[in-house]
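The values are calculated or read from the model by the stated rules, or taken from the named source; none is laboratory data. Please read all numbers here as calculations on a predicted model, not as lab measurements. A quick note on method: Cβ atoms are made from the backbone with ideal geometry, for glycine too, and the neighbour counts reach across all protein chains shown. SASA here: full protein model, heavy atoms, side chains in, ligands and nucleic acids out. Shrake-Rupley method; radii C 1.70, N 1.55, O 1.52, S 1.80 Å.
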Amino acid sequence: MNDATRPDDVLILGAGIGGLTLALSLHQAGVRCRVHEAVSVLKPLGVGINLLPHAVRELTELGLLEALGAVAVRTAEAVFYTRHGQLVFSEPAGLAAGYDWPQFSIHRGDLQSILLGAVKERLGPESVVCGQRCVAVEQDADMVTASFTGPDGRSLPAVRAALAVGCDGIHSALRRQLYPAEGPPRYSGVNMWRGITRWQPILSGASMIRAGWLSVGKMVIYPIRDAIDADGNQLINWVAEIESTTPAQRDWTRAGRLEDFLPAFEDWHFDWLDVPALIRAADSVLEYPMVDQDPLPRWTHGRLTLLGDAAHPMVPRGSNGAGQAIIDARSLAGAVKRLGVTGQALTDYDAQRVRATTDVVLTNRRNPPDAILREVFERTGGQRFERLDDVVPLASLQAISDDYKRIAGFDPEQLKARASYL
Ligand SMILES: Cc1cc2nc3c(=O)[nH]c(=O)nc-3n(C[C@H](O)[C@H](O)[C@H](O)COP(=O)(O)OP(=O)(O)OC[C@H]3O[C@@H](n4cnc5c(N)ncnc54)[C@H](O)[C@@H]3O)c2cc1C
């Protein structure tokens with residue numbers, strides 16, 4: 001047994017957004033835990049992530065509001081446009097929408113660094129062990145035993161603990177162990193190209209923009225860092241999404257090629273933004289397929305459970321991937337606080353979160369907020385409209401947005417009324 005672990009420890013497998021939030025939350029609940037991460041060095045990888053008010057509430061309860069506010073952009077509105085640059089729908093977001101918590105648009109690397117810094121400061125530098133890829137977790141009535149390999153592929157000493165939580169992302173080894181027949185993530189039929197461009201503020205300077213539609217090309221554009229230079233430029237995160245029969249490779253760091261997607265946006269010259277110029281000016285472009293998995297009936301098997309993308313990978317059409325991982329972490333820590341470091345706590349967590357996230361995964365497939373764009377695209381045949389009222393009633397677009405908020409857990413009243421997890 002590893003000397004540093006005690007039988008009451010929780011073993012967290014993966015130091016991504018979910019795993020690090022779980023470590024902070026367990027610590028807040030007075031429970032000892034340790035994070036084992038596969039990569040040797042955690043680098044600020046990825047591009048932008050949105051944290052909606054339900055996730056920011058949890059990070060606020062962890063005392064991270066100020067640190068996040070210092071690097072992230074407080075999103076003020078969500079706006080939807082056609083591929084011709086015509087406004088379809090807009091609504092305020094975060095504090096501007098009356099929430100008690102802001103909506104943050106942030107670089108994934110900044111978010112992970114803030115979480116990692118807080119874990120090391122509060123739990124000690126030894127609480128995150130890198131270069132340890134978990135390959136299997138066995139269990140008996142009292143304990144789990146996790147096996148690891150190092151960066152060179154060689155076996156490392158096994159680690160025992162009372163509970164193990166697989167926070168190991170979309171390629172989860174623990175999910176594969178629990179559901180060996182499942183197969184790889186399911187391709188949605190859409191590929192994504194993601195980039196970051198240094199650019200002048202667009203629209204309000206705090207707008208989450210969605211435009212176009214998947215069949216012909218859709219863009220998601222939002223700032224993730226303010227005032228990065230003396231000219232007042234921002235870091236603008238953008239994602240181009242296009243239906244395609246062939247999936248891109250599932251590698252978060254794979255470089256994309258402009259010629260594979262830029263033609264779909266070549267004529268997007270709006271009076272409020274020159275989209276091809278924004279794309280061409282990107283520092284770099286990453287390619288990734290839009291994938292998810294069919295929801296699982298349960299994640300908890302005795303003393304082992306799953307969390308975040310390992311538990312419920314979802315297509316990123318509702319800004320909820322990181323948020324649901326954060327809420328899983330809070331729910332799990334709350335269950336452990338109430339029921340002790342026991343398998344029963346994991347069963348309670350399962351009961352709270354499997355059904356809730358199943359609804360989000362399925363809604364992200366069929367009717368996420370960008371269904372607003374689908375409605376207008378289908379009703380106009382992708383052509384310009386004269387009057388939006390003649391195309392679609394505003395109330396039905398508002399209903400798409402409001403339904404999603406309820407399903408994903410950030411309806412303003414519902415969120416205000418909900419008790420804290422911890
Ligand atoms: C490098 C990277 C870049 C990303 N970029 C974006 C992005 O730009 N935009 C976006 O919306 N989402 C991105 N994501 C996904 C996003 O972080 C998640 O959808 C979301 O935050 C849920 O977090 P998670 O903790 O469940 O998973 P992740 O944040 O994916 O974290 C999983 C962690 O587990 C580690 N791990 C994997 N296998 C093992 C193992 N066997 N043993 C131990 N550790 C393991 C991984 O290295 C990673 O640190 C990225 C994920 C990664 C890993």
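Numbers for the structure displayed
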item: Single residue of Arg387, Arg353 found to be away from the ligand (no atom under 16 Å from the Cβ) and either touching an Asp or Glu at 6+ places or on another chain (Cβ under 7 Å) or at pLDDT 95 or above (or both); result: Arg387
item: Checking Ser207 against (1) open to solvent by less than 20 Å² (accessible area, probe 1.4 Å); (2) without any contact (Cβ under 8 Å) to a residue 40 or more places away in the chain, the condition it does not meet; result: (2)
item: Hits in the range 145-178 (condition: open to solvent by 50 Å² or more (accessible area, probe 1.4 Å) and within 27 Å of the chain's Cα centre (by Cα)); result: Pro151, His171, Arg176, Gln177
item: Qualifying residue in the range 207-219 (condition: under 18 Å from the mean Cα position of the chain (by Cα), of a type in the set (D, E, K, R) and modelled with pLDDT of 95 or more); result: yes
item: Top-ranked residue in the range 8-41 [being more than 8 Å from the ligand (Cβ to nearest atom) and assigned to a strand (DSSP E or B); ranked as most open to solvent (accessible area, probe 1.4 Å)]; result: Arg34
item: Qualifying positions in the range 109-156 - within 10 Å of the ligand (Cβ to nearest atom), farther than 28 Å from Thr342 by Cα and out of contact with any helix residue (DSSP H, G or I) (no Cβ under 8 Å at 6 or more places or on another chain); result: Gly109
item: Failed condition for Gly131, given (1) open to solvent by 20 Å² or more (accessible area, probe 1.4 Å); (2) farther than 24 Å from Trp193 by Cβ; (3) part of a loop (DSSP other than H, G, I, E, B); result: (1)
item: Qualifying strands (runs of 3 or more DSSP E) (wholly inside the range 42-102; at least 1 residues being more than 16 Å from the ligand (Cβ to nearest atom), closer than 16 Å to Asp402 by Cβ and touching a residue at least 40 places away in the same chain (Cβ under 8 Å)); result: 77-81, 87-92
item: Any hit, the range 236-244, residues being more than 19 Å from Ala282 (Cβ to Cβ), outside any strand (DSSP E or B) and open to solvent by less than 20 Å² (accessible area, probe 1.4 Å); result: no
item: Tally of residues being open to solvent by less than 50 Å² (accessible area, probe 1.4 Å), within 16 Å of the ligand (Cβ to nearest atom) and not hydrophobic (A, V, I, L, M, F, W, C) across the range 253-283; result: 1
item: Test: residue in the range 184-203 that is among the hydroxyl-bearing types (Ser, Thr, Tyr) and away from the ligand (no atom under 15 Å from the Cβ); result: yes
item: Of all residues in the range 181-201 being closer than 14 Å to Leu273 by Cβ and open to solvent by 10 Å² or more (accessible area, probe 1.4 Å), the one that is farthest from the chain's Cα centre (by Cα); result: Gln200
item: Number of positions in the range 134-144 that are aliphatic (A, V, I, L, M), touching a residue at least 60 places away in the same chain (Cβ under 8 Å) and part of a strand (DSSP E or B); result: 2
